[in-house]
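Each remark here refers to the structure printed beneath this line.
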Amino acid sequence: MPALIHQRCFNHATREAVARCPECSQFFCRECITEHDDRVICSACLKKLARVPLLKRPAFARVLQISQCVLGVFAAWFFFYLIGSALAGLPTSFHEGTLWQVDWIDQE
Ligand SMILES: [Zn+2]
Ligand SMILES: [Zn+2]
């Protein structure tokens, strides 16, 4: 990169550029460029890159949360449906037993 020597920093007109940002193709001085994931990148592009997953994460988490909530409701509904159908399928003689005559109900 022979042109790099004559390049000036995109942010500082008086400073010599040391590296070129691969994202925005601008030249930057040592102060303006940072290393990120084993490559040099300017602070503006680093901010841009850092912001993307931050924006994506809550949306994804929200979708996951909603789907988990819906799944949970369906699981609960299915669970109680199974219990209900199992209880309904029981012979009536079962309900006539002493199972529901618990002591704490009669105390009132
Ligand atoms: Zn950049
Ligand atoms: Zn600079």
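The values are calculated or read from the model by the stated rules, or taken from the named source; none is laboratory data. All values reported here derive from a predicted model rather than from experimental measurement. Counting neighbours? That spans all protein chains shown, and the Cβs are built from the backbone with ideal geometry, glycine included. These area figures cover heavy atoms from the full protein model, side chains too; ligands, DNA and RNA do not enter into them. Shrake-Rupley method; radii C 1.70, N 1.55, O 1.52, S 1.80 Å.
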Any chance you could count how many residues in segment 32-41 are exposed (fewer than 12 other Cβ atoms within 10 Å of the Cβ) and part of a strand (DSSP E or B)?
-> 2
Which condition number in (1) in a loop (DSSP other than H, G, I, E, B); (2) at pLDDT 90 or above; (3) open to solvent by 80 Å² or more (accessible area, probe 1.4 Å) is the one that Gln101 fails?
-> (2)
For segment 64-87, does any single residue satisfy the condition of being modelled with pLDDT of 90 or more, within 16 Å of ligand 2 (Cβ to nearest atom), open to solvent by 100 Å² or more (accessible area, probe 1.4 Å) and over 31 Å from the mean Cα position of the chain (by Cα)?
-> no
Residue identified as more than 8 Å from ligand 1 (Cβ to nearest atom) and open to solvent by less than 50 Å² (accessible area, probe 1.4 Å) among Cys29, Cys45, Cys21 | Cys29
